[in-house]
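K.L.:
Sharing a structure below in structure tokens format, with a few things to ask.
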Amino acid sequence: MKPTLKIMSLAGCLALAAPFANAETFVRMVSGPSGGSWYPLGAKIMQIMQKEIKGVAASNGPGGGVGNIKDVSEGNAEIGWSYGHTAYNGYIGRGKFDRPYKNVTFFATLYPGIVQIAVPKNSSIKSISDFNGKNLSPGKAGWTGTAFAETVLAAYDLSFAKIKQNGGTVHYVDYSDSVALMKDGHIDVFLAVTSLPQASFIDLNFKPGIRFIGIDPQKMEGIIKSNPGVIATKIPMSAYEGMTADVPTLATATVMVVNKDLPADLVYNMCKVFWKEHGTFAAVKKVWNKVKMEDALAAAAIPVHPGAARCYAELGVKKM
């Protein structure tokens, strides 16, 4: 089923649906950093939600894959962006989560987040094994990229602590600051889990020029086995100018989650608007063209919100 299908029925359902609340209802989204794809997409999504759903006052704020799960579960936000494996880890309470965060439910599967590890073009670094004692920027604490960096390093018997013990540094900063640090020669490695291609890497590829470091296939096998929802993929050489070969790496599905206590009618209407306006969001970022309605439940490793479940049942979307 294509996102363009059933648009008339979506519009009809929205027009006929009674407003879920007469008073203003606040729906706060937590998305990602300003330099990534989540933030501008989140801003447009919430703008449309406020416009299309009567009684809703919507907002979008920055966040990260791990922190967003905590914020949505604890009621600091109603809807958030994350990754399939991160949502699962949060729900069961493992990895970067100190306890289970059971108040999150599934809303939608979006597009793949690709692990991208870059070094300056003239760097002596050839492998992740060479990261010991180097200066890294894996993203902010609470971001999925930072957690993913630790997972990848562990496969090479490395850690942030070991890197620092051997004279390296770890900078927990956002994309914009990571770009500035690499341009100024203050970091040797920039790692992010994000869409492909990504503006920060395009910027760095222009100046000073970068190379991408791959993940060894044998190391990937172990990571995939212990992290449901993570898959092997490649950064194709067509992704960034100057690449001469595909680079083996990992990917995980970008997802949206909502607080389980949101009214079913509200989430139902949010789901209807979300898919009705698919083309609007694609105009913000090209990566949205990879979002398919038929895949909406593909990465649902946690319970689906009843309002979303009702929406998908009407749209004929089933879990794979």
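To keep it simple, each residue is scored yes or no on (1) outside the structural domain of Ile213 (by TED's automatic domain parsing); (2) surrounded by fewer than 16 Cβ atoms within 10 Å (Cβ to Cβ).
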{"residue": "Asn89", "(1), (2)": "yes, no"}
{"residue": "Arg99", "(1), (2)": "yes, yes"}
{"residue": "Asn132", "(1), (2)": "no, no"}
{"residue": "Tyr156", "(1), (2)": "no, no"}
{"residue": "Gly167", "(1), (2)": "no, yes"}
{"residue": "Ser176", "(1), (2)": "no, yes"}
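K.L.:
Considering only the range 111-136, how many residues are at pLDDT below 95 and of a type in the set (A, V, I, L, M, F, W, C)?
P.N.:
Residues flagged as at pLDDT below 95 and of a type in the set (A, V, I, L, M, F, W, C) within the range 111-136 amount to 1.
K.L.:
Which of the helices (runs of 4 or more DSSP H) found entirely inside the range 104-201 contain at least 3 residues meeting this: closer than 24 Å to Ala77 by Cβ? I'd like the intermediate steps shown before the answer.
P.N.:
Details: elements: 144-155, 160-165, 175-183.
Filter on the range 104-201 gives 144-155, 175-183.
K.L.:
Right, here's the next one. Quick one: which residue in Val230, Val317, Val287, Val247 is out of contact with any helix residue (DSSP H, G or I) (no Cβ under 7 Å at 6 or more places or on another chain) and over 24 Å from Gln47 (Cα atoms)?
P.N.:
Testing whether each residue is out of contact with any helix residue (DSSP H, G or I) (no Cβ under 7 Å at 6 or more places or on another chain) and over 24 Å from Gln47 (Cα atoms) leaves just Val247.
K.L.:
Name the residues in the range 48-65 that are over 18 Å from the mean Cα position of the chain (by Cα) and more than 19 Å from Thr280 (Cβ to Cβ), would you?
P.N.:
Matches in the range 48-65: Gly55, Ala57.
K.L.:
Given Ala87, Ala154, Ala141, Ala108, which one is farther than 21 Å from Pro228 by Cα and either in contact (Cβ under 8 Å) with a residue 40 or more places away in the chain or of a type outside the set (S, T, N, Q) (or both)?
P.N.:
Details: Ala87 fails: farther than 21 Å from Pro228 by Cα; Ala154 fails: farther than 21 Å from Pro228 by Cα; Ala108 fails: farther than 21 Å from Pro228 by Cα.
Result: Ala141 is the single residue among Ala87, Ala154, Ala141, Ala108 that is farther than 21 Å from Pro228 by Cα and either in contact (Cβ under 8 Å) with a residue 40 or more places away in the chain or of a type outside the set (S, T, N, Q) (or both).
K.L.:
Which residues, counting only those in the range 220-269, are farther than 28 Å from Ala296 by Cβ and either free of Cβ contacts under 8 Å to residues at least 24 places away in the same chain or assigned by TED's automatic domain parsing to the domain that holds Asn103 (or both)?
P.N.:
Quick first cut of the range 220-269, residues farther than 28 Å from Ala296 by Cβ only: 221-222, 237, 240-248.
Result: Glu221, Met237, Thr244, Ala245, Asp246.
K.L.:
Something else about it: Condition first: among the β-branched types (Val, Ile, Thr), touching a Lys or Arg at 6+ places or on another chain (Cβ under 6 Å) and either surrounded by fewer than 21 Cβ atoms within 10 Å (Cβ to Cβ) or more than 22 Å from Ser31 (Cβ to Cβ) (or both). Can you find one or more residues in the range 232-241 that meet it?
P.N.:
The first filter runs over the range 232-241 and keeps only residues among the β-branched types (Val, Ile, Thr), leaving 233, 235.
Checking the rest, the ones that are also touching a Lys or Arg at 6+ places or on another chain (Cβ under 6 Å) come to none.
Within the range 232-241 (the criterion being among the β-branched types (Val, Ile, Thr), touching a Lys or Arg at 6+ places or on another chain (Cβ under 6 Å) and either surrounded by fewer than 21 Cβ atoms within 10 Å (Cβ to Cβ) or more than 22 Å from Ser31 (Cβ to Cβ) (or both)), the answer is no, since none of the residues qualifies.
K.L.:
Filtering the range 213-244 down to residues that are closer than 15 Å to Tyr88 by Cα and assigned to a loop (DSSP other than H, G, I, E, B), which residue is modelled with the highest pLDDT?
P.N.:
Out of the qualifying residues, it is Asn227.
K.L.:
Could you list, in sequence order, the residues of the range 294-303 that are within 27 Å of Thr25 (Cα to Cα) and either among the polar types (S, T, N, Q) or surrounded by fewer than 21 Cβ atoms within 10 Å (Cβ to Cβ) (or both)? Walk me through it before giving the result.
P.N.:
Initially, the range 294-303 is screened for residues within 27 Å of Thr25 (Cα to Cα), giving 296-297, 300, 302-303.
Correct list: Leu297, Pro303.
K.L.:
Tell me which of these Val193 doesn't satisfy, since it passes every other one: (1) without any contact (Cβ under 8 Å) to a residue 60 or more places away in the chain; (2) surrounded by 15 or more Cβ atoms within 10 Å (Cβ to Cβ).
P.N.:
Just one mismatch for Val193, condition (1).
K.L.:
Still on this structure: Given the condition part of a strand (DSSP E or B), surrounded by fewer than 19 Cβ atoms within 10 Å (Cβ to Cβ), in the same structural domain as Ala300 (by TED's automatic domain parsing) and out of contact with any Phe, Trp or Tyr (no Cβ under 7 Å at 6 or more places or on another chain), answer yes or no: does some residue in the range 61-78 qualify? Write out each step before concluding.
P.N.:
Narrowing the range 61-78 to residues part of a strand (DSSP E or B): 61.
In the following step, the residues that additionally are surrounded by fewer than 19 Cβ atoms within 10 Å (Cβ to Cβ) were identified as 61.
The next check asks that each one be in the same structural domain as Ala300 (by TED's automatic domain parsing); those that pass are 61.
With the extra rule that they be out of contact with any Phe, Trp or Tyr (no Cβ under 7 Å at 6 or more places or on another chain), the set shrinks to 61.
The answer is yes; a qualifying residue exists.
K.L.:
Identify the single condition in (1) outside the structural domain of Glu24 (by TED's automatic domain parsing); (2) of a type in the set (D, E, K, R); (3) not in a loop (DSSP other than H, G, I, E, B) that Glu294 does not satisfy, given that it satisfies every other one.
P.N.:
For Glu294, the failing item is (1).
K.L.:
Could you say whether any residue in the range 297-307 is of a type outside the set (A, V, I, L, M, F, W, C) and modelled with pLDDT under 95?
P.N.:
Step one: of the range 297-307, the residues of a type outside the set (A, V, I, L, M, F, W, C) are 303, 305-307.
If we keep only those that are modelled with pLDDT under 95 as well, we get none.
No, the conditions are met nowhere in the range 297-307.
The values are calculated or read from the model by the stated rules, or taken from the named source; none is laboratory data. Please read all numbers here as calculations on a predicted model, not as lab measurements. In this analysis, Cβ positions are derived from the backbone assuming ideal geometry, glycine residues included, and neighbour counts consider all displayed protein chains.
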